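Enquirer: Can you keep this structure in mind? I'll have questions shortly.
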Amino acid sequence: MDKKQRGFPSPLLTVPALIISLFLLPFVLSQCNRNPVIFNFGDSNSDTGGYAVALGLNLGYPDARTFFHQPTGRLCDGRLIIDFLCESLNTNYLTPYLESLAPNFTTGANFAISGSSTLPRTVPFSLEIQFLEFRRFRNRSLELGSKGFKNLVGEKEFKNAIYTIDIGQNDLANAFTYLSYAEVTKKIPSFISEIRDVMLGIYQVGGRNFWVHNTGPLGCLPAKLATRYTNGNDLDKYGCIKSLNEAAKAYNMMLNALSEQLRSQMKDATIVYVDIYSIKYNLIANSASYGFENPLMACCGYGGAPYNYNANITCRSSGFSVCEEGTRYISWDGVHYTEAANAIVASKILSTDYSAPPLKFSYFCSA
């Protein structure tokens, strides 16, 4: 996707597209003084096609219908949060590391793979595996660059790059399939230690700029609401599962503590911790004010109200139904957000109101 194609779609905006333009308009102008480089690690929330490439899939309709209008491997109807962050720097969307045809790695690479978690370490594509891929990518880039190859990321770019990390949702979701709340929370420190090891590993090879997203409200996902037995006492006033959200908040508290710990340990590094949970929960709690309806219902799925999610007939499988394009949904497929919702989340991220310290995303390429 070249830069000409990265603007807003048509001037004849649908309601979600209008929402996107209104919320992102203040942030579309890049303030970078040098070419921004981003290396991303994570799961499907920021996977720009790695899973599809790894498995040889060609994910098409209804994914990508809103913006790209062709298969991209994103589990979304359009752009992800990471895409909007790239747009805010006026840089290319991130190419999956595993892409073999015409990859563009001059502005970074995306190691995120759908389904990824921090543990177990040895299962593709865990966070540890993503780090090993990055380290190989870095070593090969520097080796080939020393031999005169052009259009590669050099040592200076690796040092100045932004290292974005967005992982943990699958660790919690997977744990809740066979463990109690108390058992899940006992496992959280092991998830956090994996993130610590990877951040230290990146630091040891020269990375100094870290942008860390915490995890969102797991208990508000239609996939969890439709498949997990709950009683009324375990639902909050917005209809989300309290125990799952409490676990997400416990994870986030430890991730924030890790960020503070590493700031003191890595004196010359900058670590920005972003409260994605508060942004997403606010979006669900105040969905009407953002122009959305049915905040706990998937656009693409099966079963109708209240959640439109069925584990046996999911979006992209035979028999699914999809909402009319232009309707206002937060959830795309029961797990992932729509482009319209991602746009608002990105605008909140870029505002710095949910970041500690409150630095702009462009800080790393403008300082």
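Enquirer: State which residue pairs qualify: first residue within 16 Å of PHE84 (Cβ to Cβ) and inside the stretch 354-367, second residue part of a strand (DSSP E or B) and among the hydrophobic types (A, V, I, L, M, F, W, C) in any location, beta carbons under 6 Å apart, and separation of 6 or more residues or different chains.
Expert: TYR354/VAL274; SER355/VAL272; SER355/VAL274
Enquirer: Give the residues of the stretch 115-173 that are surrounded by fewer than 22 Cβ atoms within 10 Å (Cβ to Cβ), within 25 Å of SER366 (Cα to Cα), in contact with a Phe, Trp or Tyr (Cβ under 9 Å, 6 or more places away or on another chain) and among the small types (Gly, Ala, Ser), sorted by residue number.
Expert: SER141
Enquirer: Let me ask something additional. Can you tell me how many residues within the stretch 240-264 are over 19 Å from LYS186 (Cβ atoms) and loosely packed, with under 15 Cβ neighbours inside 10 Å?
Expert: 3
Enquirer: For the stretch 317-340, what are the residues that are charged (D, E, K, R), part of a loop (DSSP other than H, G, I, E, B) and buried (at least 16 other Cβ atoms within 10 Å of the Cβ)?
Expert: ARG328, ASP333
Enquirer: Let me ask you something else. When the residues of the stretch 259-282 are filtered to those that are in a helix (DSSP H, G or I) and over 16 Å from the mean Cα position of the chain (by Cα), which remaining residue is nearest to ALA346 (Cα to Cα)?
Expert: Going through the qualifying residues, I end up with ASN282.
Enquirer: On to the next question. Scanning for something part of a helix (DSSP H, G or I), more than 18 Å from the chain's Cα centre (by Cα) and in contact (Cβ under 8 Å) with a residue 40 or more places away in the chain, does the stretch 139-151 turn up at least one residue?
Expert: no
Enquirer: Is it the case that ALA305 is surrounded by fewer than 22 Cβ atoms within 10 Å (Cβ to Cβ) and touching a residue at least 60 places away in the same chain (Cβ under 8 Å)?
Expert: Values: surrounded by fewer than 22 Cβ atoms within 10 Å (Cβ to Cβ): yes; touching a residue at least 60 places away in the same chain (Cβ under 8 Å): no.
Judged against the criteria, ALA305 is not a match.
Enquirer: Then there is this: In the stretch 70-87, which residue that is part of a loop (DSSP other than H, G, I, E, B), of a type outside the set (S, T, N, Q) and at pLDDT 95 or above is farthest from ASP275 (Cα to Cα)?
Expert: So the residue we want is GLY73.
The values are calculated or read from the model by the stated rules, or taken from the named source; none is laboratory data. Here the structure is a predicted model, which means the values were calculated and not measured. No Cβ is skipped: glycine too gets one built from the backbone with ideal geometry, and neighbour counts run over all protein chains shown.
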